[in-house]
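Enquirer: First, the structure itself, so that you have it in front of you.
The values are calculated or read from the model by the stated rules, or taken from the named source; none is laboratory data. All values derive from a computational prediction rather than experimental measurement. Cβ placement follows ideal geometry from the backbone for every residue including glycine, while neighbour counts extend to all protein chains displayed. Quick note on the areas: whole protein, heavy atoms, side chains included, nothing else; ligands and nucleic acids left out. Shrake-Rupley method; radii C 1.70, N 1.55, O 1.52, S 1.80 Å.
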Amino acid sequence: MIIALGLILLALFGAPLFTIIGASALWGFYQADIDLSVVVIEFFRLAEMPVLLAIPLFTFAGYLLSESGAPHRLVRLTQALLGWIPGGMAFVALVACALFTAFTGASGVTIVALGALLYPALREAGYGQGFSLGLVTTSGSLGLLFAPALPLILYAVVAQQLGIGGSISVDEMFLAGLLPGLLMLLILVAWALWSGRKLPLNEFTLDEAQSAIREAAWEIPLPIILLGGIYSGYFALSEAAAVTAVYVLIVEVFIHREISLKKLPEVMREAMLLVGGILVIFGLSMASTNYLIDADVPSQLFDWLHERVEDPLTFLILLNLFLLVLGTMLDIFSALVLMVPLLLPVAIEYGIDPVHLGIIFLANMQIGYFTPPVGMNLFIASYRFGKPIAEIYRATLPWFVLLFGAVLIITYWPTLSLALLERN
């Protein structure tokens, strides 16, 4: 108990998360009189997983896109094609943020990269300051349920390592996230169209549309090549990630020449810092998970819950509330590798499909990023736009209510997650 309290205090005082996880795993194995080399073995197991190659490759491609002129071309393209719709600029902002986050895998990056383009454009189109701030802050995390977002890949990898609830592939997670992600996007689009119904429309011009298409001609094939290659069976996931990284590298460095060869090592370094952090936490968490399983902690947790909560629906309500709070305190990668090993065995005991659980987990974490009082995206937006945090709270509240309603639909309508899968 003293050791546990000490680790909690260290975490509260800002100790790196991987040190806390590693210390708890080492202490647990030491107490159980198990050779501590088991922790190193977990890292060796990571190195043997072919699917894990996709994480650094997709991350590198995402960082290249965010450092190039791709955000500007994406916004111009969607504005040219969709800007004539009532509330079209808000529609453009939501679609652009969802697409960009799907490829970068980080909602904070979307706010920083697209915020400078979208916030002034929304204000110029006649939207209020609160509406514009709320849209940009909340839509930054919209793409986390769309392929090839890293959280979908990481959940599948963690679930595969646990080896319970049947085989869970990355392709299944990609398909499972599609309809729930579209639901969340469509709800926000409907709200945006209603809010902008009285604003003047942008005129559609064929010349501007053709010009925008020509400018983004090299980026447009990217999702087609990636998703078409995966779902046609032509590419394995790691191969698709390699093709994506090479394609983006050639386009942004050698064709558009927006990232110089001199700057390329810096972009690589920033991308691999994120990857390194994920893998260190992942390796140590897998070691910690093995200890928890050996100590029968998931079964004990289920027994404790089952005495108090018999109904699966009640369990899902408590799960939603827990994940919302968790999303305000942990980044999505840390939360995945820490909590999925505990929650997945319990959810399976309640009869919840593991793929459906993954979508519930990610949907909640997605809105946890901007849940007051300490959601990470709230502070990123406050800093990025120079606005008081209280103003950001007020601006995001309507969007939070809408997305929380979508999360409840996703939670209690499992067919939405499973309809595209053969397992349904």
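Enquirer: Over region 132-186, what is the relative contact order in whole percent, taking alpha-carbon pairs under 8 Å and six or more residues apart?
Expert: 41
Enquirer: Now for a different question. At a Förster radius of 25 Å, what calculated FRET efficiency corresponds to the Cβ-Cβ distance of Leu10 and Val401, to the nearest 0.05?
Expert: That pair, Leu10 with Val401, gives E of 0.10.
Enquirer: Still on this structure, please answer the following. Across the chain, where is the longest run that never hits trypsin sites (Lys or Arg not before Pro) in a DSSP loop with at most 15 other C-beta atoms within 10 Å?
Expert: Segment 1-196 is the longest.
Enquirer: Between Leu46 and Leu199, what FRET efficiency comes out of the Förster formula 1/(1 + (r/R0)^6) with R0 = 56 Å and r the beta carbon distance, rounded to 0.05?
Expert: After rounding to 0.05, the efficiency reads 0.65.
Enquirer: Continuing with the same structure: For Phe322, Phe131, Phe254, Phe315, give the ranking by accessible area with the largest first, probe 1.4 Å.
Expert: Phe254, Phe322, Phe131, Phe315
Enquirer: Modelling each spin label as a point 7 Å along the Cα-to-Cβ direction, I'd like the Asp33/Lys262 distance in nm, to one decimal.
Expert: With each label point 7 Å from Cα toward Cβ, the separation is 6.3 nm.
Enquirer: Work out which GluC sites (Glu not before Pro) in the chain are exposed loop sites (DSSP not H, G, I, E or B, at most 16 other Cβ within 10 Å) and give the longest gap free of them.
Expert: For GluC sites (Glu not before Pro) (loop position, at most 16 other Cβ atoms within 10 Å), the longest site-free span of the chain is 49-202.
Enquirer: Given a 1.4 angstrom probe, what's the average accessible area per residue across the chain, in square angstrom?
Expert: 44
Enquirer: Among the lysines, which fall within straight-line cross-link reach of Lys198, defined as a Cα-Cα distance under 18 Å, with same-chain neighbours fewer than 8 residues apart omitted?
Expert: none
Enquirer: Assuming R0 = 30 Å, what is the FRET efficiency of Glu239 and Ala209, from their Cβ-Cβ distance, to the nearest 0.05?
Expert: 0.35
Enquirer: Still on this structure, please answer the following. Express the carbon and sulfur contribution to the solvent-accessible surface of region 92-244 as a percent, rounded to the nearest whole number, probe 1.4 angstrom.
Expert: About 65 percent, which is the carbon plus sulfur part of the accessible surface.
Enquirer: Tell me, in nm to one decimal, what length is gained between Ile250 and Thr415 on full extension, where the rule is 0.36 nm per residue of separation less the Cα-Cα distance?
Expert: Fully extending the segment from Ile250 to Thr415 adds 55.4 nm.
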